[in-house]
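First up is the structure itself, then whatever we jot down about it.
The values are calculated or read from the model by the stated rules, or taken from the named source; none is laboratory data. Keep in mind that this is a model prediction, so the values were computed, not measured. Note that we place each Cβ from the backbone using ideal geometry, even for glycine, and neighbour counts take in every protein chain shown. Side chains included, ligands, DNA and RNA excluded: accessible areas come from the protein's heavy atoms. Shrake-Rupley method; radii C 1.70, N 1.55, O 1.52, S 1.80 Å.
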Amino acid sequence: MTTIRIPTPLRPYTGGNSAVAVSGATVGEALADLTRLHPQLRPHLYDGEELRSFVNVYLNKEDVRGLQGAQTAVAAADTLMIIPSIAGG
Amino acid sequence: MIATRDNLTDLRPHSFAAPRLDTTRPEDLIGNTPLLRLDRAAAAFALSTRVTLLAKAEWVNPGGSVKDRAARHIIHEAERRGLLRPGMTLLDATSGNTGIAYAMLGAARGYRVKLAVPENVSPERLAILRAYGAELVLTDPLDGSDGAILEARRIAAADPTVYYADQYNNPANWQAHYLTTAEEIWRQTDGTISHFVAGLGTSGTFTGVTRRLRELNSAVACVSAQPDSPFNGLEGWKHMATAIVPGIYDAALADGNVTVRTEEAHAMARFLARHEGILVGVSAAAAVVAALSVARELDEGVVVTVLPDSGYKYLSERFWLE
Ligand SMILES: Cc1ncc(COP(=O)(O)O)c(C=O)c1O
């Protein structure tokens, strides 16, 4: 299973977990599995079927938008990260 | 007149005495920013014709943001109290703009500047910080700005040669706005301001401006703005309910609070660029969304907000293309 690391502001919606193991062969499937496991996450990440434009997903430190986006293949050993934007100051 | 061999002497200075130089330090350029009218936005959002929407153009500051004001006052106060002395290093946690301001002022005043910054800070900000020669400690992006704050506290506790400026808890932060931003707004509106609206980051801008405006006219309504959710793209703003709350923040100060959704701010950034000719950052666009939501309820009034920075540091974001 692929690991998705969860940023601090989203942990209230994953029962406090900082990492969630998901299944899926692509980034899109992995994120879909994440929001199936933790439905409260969905409105924070998605606008309808689309990932909200400020949501940055990294595969092993690379922005998936620079790879094949939601179609990017993921393997069990991979780690995805959802990166928050940076708050004030 | 074109200088030729014949008339060249006419162009020579008459005296070689030491000239009186009319010079300015970078920090003297901080503040006294223009107050812009947002008439197109006011019309597009159907405000009453007796409501004026105004905004401080803070990117005009030499470091490119409103945070120049806070950083300058924090440094002056620390020097005056003997907390920051030659040879010391100024340390703080920052999302970028305060760091840029410290790096600029530190370079000019001969201090080293060390900044705890989340690793996912935009490439534009990193490049600027490095150009000014700041030393960067990059923190876990998953922990956001709170991770940078905790790292700065760790460094400060371990190293007595640093001055930890701590913008989130340093009263000089809000006092900068009490002393400058509020006075400018009062003067530039000839005392007619009826509403002040600003986003909350450290809360320095909102706190300082509100405290001074209330002294000048207790009837001025002051409204603070925050992201609608802990996970948002409003870089520079803080979701107070879920973040480390700044010590300088006073939740009782505001007459009202509004929340802004990231997508609304992105749409406003595009609107301001394309219809006002004003290219601002995401938090500035969010401030305009918040100010409009206040202004829409009014029959008459003068609503003032603050545009913390320009759009230049956000050009790598995708929303401009929508
Ligand atoms: C882009 C931007 N917007 C808004 C703010 C919030 O200002 P304040 O810290 O005075 O609340 C900041 C502060 O860092 C900022 O950098």
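Partner lysines whose Cα lies under 24 Å from the Cα of B:LYS238, excluding those fewer than 8 positions away in the same chain, are identified as B:LYS56, B:LYS67, B:LYS114, B:LYS313.
Would you please give the FRET efficiency between B:LEU253 and B:ALA18, computed as 1/(1 + (r/R0)^6) with r the Cβ-Cβ distance and R0 = 45 Å, to the nearest 0.05?
Once the sixth-power term is evaluated, E becomes 0.30.
Here the Kirkwood formula, the inverse mean of 1/r across different C-alpha pairs, assigns segment A:2-84 a hydrodynamic radius of 12.4 Å.
Backbone phi angles across segment B:224-236, fed through the Karplus curve with coefficients 6.51, -1.76 and 1.60 (θ = phi - 60°), yield HN-Hα couplings of 9, 10, 9, x, 6, 8, x, 9, 8, x, 8, 4, x Hz in residue order; Gly and Pro are listed as x. Accessible area per residue for the protein assembly as shown is 44 Å², calculated with a 1.4 Å probe on protein heavy atoms, without ligands, DNA or RNA.
Could you compute how much accessible area chains A and B hide from each other, both sides summed, with a 1.4 Å probe? Nearest 100 Å² is fine. Spell out each step's value before the answer.
Working: alone 5300 and 15190 Å², together 17980 Å².
Approximately 2500 Å², summed over both chains.
In order along segment B:242-250, the Karplus-derived 3J(HN,Hα) couplings, from 6.51 cos²θ - 1.76 cosθ + 1.60 at θ = phi - 60°, round to 10, 10, 5, 7, x, x, 7, 6, 10 Hz, and Gly and Pro are given as x. Take each residue of peptide B:136-145, count the partner chain Cβ atoms within 10 Å of its Cβ, and average: the result is 5. Expressed as a whole percent, the accessible surface of segment A:2-84 that belongs to carbon and sulfur atoms is 51, based on a 1.4 Å probe.
Given a 1.4 Å probe and the protein chains as shown, B:ILE74 ends up with an accessible area of around 0 Å².
So, with a 1.4 angstrom probe, what is the percent of accessible area on segment B:169-220 that is carbon and sulfur? All intermediate terms of the calculation are to be shown ahead of the outcome.
Working: 830 of 1750 Å².
C and S atoms contribute 47 percent here.
The fraction of all Cα pairs in the protein assembly as shown landing in successive 10 Å bins from 0 to the largest distance is 5, 21, 29, 23, 14, 6, 2, 1, 0, given as whole percents.
Expressed as a whole percent, how much of the Cα-Cα distance distribution for chain B exceeds 35 Å? For chain B, the share of Cα pairs beyond 35 Å comes to 24 percent.
In chain A, the calculated helix contribution to ellipticity at 222 nm averages -4500 deg cm²/dmol per residue, counting -39,500 (n - 2.57) for every DSSP H run with n ≥ 4. Per-residue mean of foreign Cβ neighbours for B:113-125 is 2 (Cβ atoms of other chains, 10 Å radius). With a Förster radius of 45 Å, plug the Cβ-Cβ distance of A:ALA76 and B:ALA131 into 1/(1 + (r/R0)^6) and report the FRET value to the nearest 0.05. The formula returns an efficiency of 0.60 here.
Taking only protein heavy atoms and a 1.4 Å probe, the accessible area of segment B:67-164 is 52% carbon and sulfur.
Kindly provide the helix-only [θ] at 222 nm of chain B, computed as the sum of -39,500 (n - 2.57) over DSSP H runs of four or more divided by all residues, to the nearest 500 deg cm²/dmol? Provide the component values of the computation, followed by the final result.
Values: 10 runs with 107 residues, N = 322.
It lands at -10000 deg cm²/dmol.
One Cα centroid belongs to segment A:4-76, the other to segment B:82-159; the line between them spans 30 Å. Calculated FRET efficiency, B:LEU321 and B:GLU124, Cβ-Cβ r, R0 25 Å, to nearest 0.05? Taking R0 as 25 Å, the efficiency between B:LEU321 and B:GLU124 is 0.90. Taking segment B:279-317 and a reference point 7 angstrom along Cα→Cβ of B:ASN217, the backbone N atoms nearer than 13 Å belong to B:300-304.
Cβ under 13 Å from A:ARG42's Cβ, A:ARG42 left aside: what net charge do those residues give with Lys, Arg +1 and Asp, Glu -1?
-2
Here the Gaussian network model covers chain B, with springs between Cα atoms less than 10 Å apart; of B:GLY147, B:GLY63, B:GLY208, B:GLY147 fluctuates the most. Label zone of B:THR192 (point 7 Å out along Cα→Cβ, amide N under 13 Å): in segment B:292-322 this covers B:300-304.
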